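**Student:** Here it is, the structure, as structure tokens.
The values are calculated or read from the model by the stated rules, or taken from the named source; none is laboratory data. Computed from a predicted model, the values in this text were never measured in an experiment. Virtual Cβ from ideal backbone geometry, glycine too; neighbours counted across all protein chains shown. SASA here: full protein model, heavy atoms, side chains in, ligands and nucleic acids out. Shrake-Rupley method; radii C 1.70, N 1.55, O 1.52, S 1.80 Å.
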Amino acid sequence: MVGLWSSQQSYTPSKVKRDIASDCDSMVRAIISPSVEAEKIKKKASADEALEKVYKFRTSIWNKIISTKEFESFNDIEYFRWMAIYKDAKSDLSNVNPVSIEQKMALIEVINGRLIPTAMNAEKNLSADVQKLNALKLRKLQTRMRSFDLSSKLTRDDLEDFSSELMLILKGPPATLLDYFTKNKTKRMNERLMRMVQEDILLMGLKGMVERIPEKQSYTSLERGKYIVKRFFQYKIWKYLVIPYDLPWFERVKIPDELLEKIIIDGLDAHEQELIAHLKKQNMIDHYERFRKVYKPMAFAVGFYFYYDKFNDQMSGKLDENQEEEKKRFLDEFKELSDSIMEANDTTIKSEDTLKQEQFERVLESFRKKYKEEPTPQEYEEMRAKIFGKS
């Protein structure tokens, strides 16, 4: 009768919370097999210790860079050669003793490359110093980018100064040295680091830039970056950067926008073989190095605009197809940027006559804007005499 009575009672679902049950279950497993849990904790502690060790090793390399003057004789070719050597090394690199500035910077770069995936997966376990440096980087970039106004043409010095600071931030110097290097930069150092950062951005892409500074909104930031690239190719803005650089070559080599878009986002390293295969189809594989040269300012422009968009509220809204005014502003601002980058990449030594002629053209244009008319023959000759001297 007891059995019959029990079977007739209605079933009542358990009111025990499943998360509590799960916790209890893990506790039971820990009690039954404490060695397994202890081993997990030990492995985690060992991984954290190894990560901290690598960060300390990178800091020790930065400390070996005595001053910014080491960059005066910096050799870009040597830097990339040593970077390839260190990348191929199978060891943890802790026994490497870099001597030259190129070796030091190359080793820092390779260490960063190995740290990025580890740091992104273990962000909560990073030391307070590393987290502080990430926040410091963002503040420095924010301050730097808010000082730019794309409505007025940027100068070569503006871009070189930003580039060198971005390069140092991407390479991750310790907090104690970051201020020193950004405040004591020389003209020569700026020029060297600008060439390095342009090459870096082409190789690692926009995604690589975002990962180098792992903030909490990294994935959101990358989506915004992809949106900028979409606009970039949608309005053919990239032609402003490529066409003035090497028009005959550009017209002969047909590279799909889709491939260029992937290279800008993921970096050339990720799509190098695809690009080479495409050039082979056109029997233009010998133009691979030229591609790298021509598209470096293009990749840099996207990286620059990404941070400009990020730290300037007026650029944060999404572009509607019908917002012609917004579209025009986007084009105009990027055109200003592209002109500046093209000038910054122009290393041609101009003659005195060429410089004087450029100055004369600027004076002539200022006269037209001020008086709304052309100068008289006498005024024209007076302006020429002031610049070129009396003949």
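**Student:** Any idea how many residues of segment 73-107 are under 23 Å from the mean Cα position of the chain (by Cα), touching a residue at least 12 places away in the same chain (Cβ under 8 Å) and open to solvent by less than 70 Å² (accessible area, probe 1.4 Å)?
**Tutor:** Residues meeting the conditions: 16.
**Student:** Go through segment 263-313 and give me each residue that's part of a helix (DSSP H, G or I) and out of contact with any helix residue (DSSP H, G or I) (no Cβ under 9 Å at 6 or more places or on another chain).
**Tutor:** GLN273, ALA277, LYS280, LYS281, GLU289, ASP313, listed by residue number.
**Student:** Checking HIS278 against (1) open to solvent by 10 Å² or more (accessible area, probe 1.4 Å); (2) within 19 Å of GLY205 (Cα to Cα); (3) of a type outside the set (Asp, Glu), which single condition isn't satisfied?
**Tutor:** (2)
**Student:** For residues that are in a loop (DSSP other than H, G, I, E, B) and more than 15 Å from ASP200 (Cβ to Cβ), scanning just segment 154-172, find the one that is most open to solvent (accessible area, probe 1.4 Å).
**Tutor:** Among those residues, the one meeting the criterion is THR155.
**Student:** Listed residues GLU336, GLU326; which is modelled with pLDDT under 85, in a helix (DSSP H, G or I) and touching an Asp or Glu at 6+ places or on another chain (Cβ under 8 Å)?
**Tutor:** One residue alone meets the criteria, GLU326.
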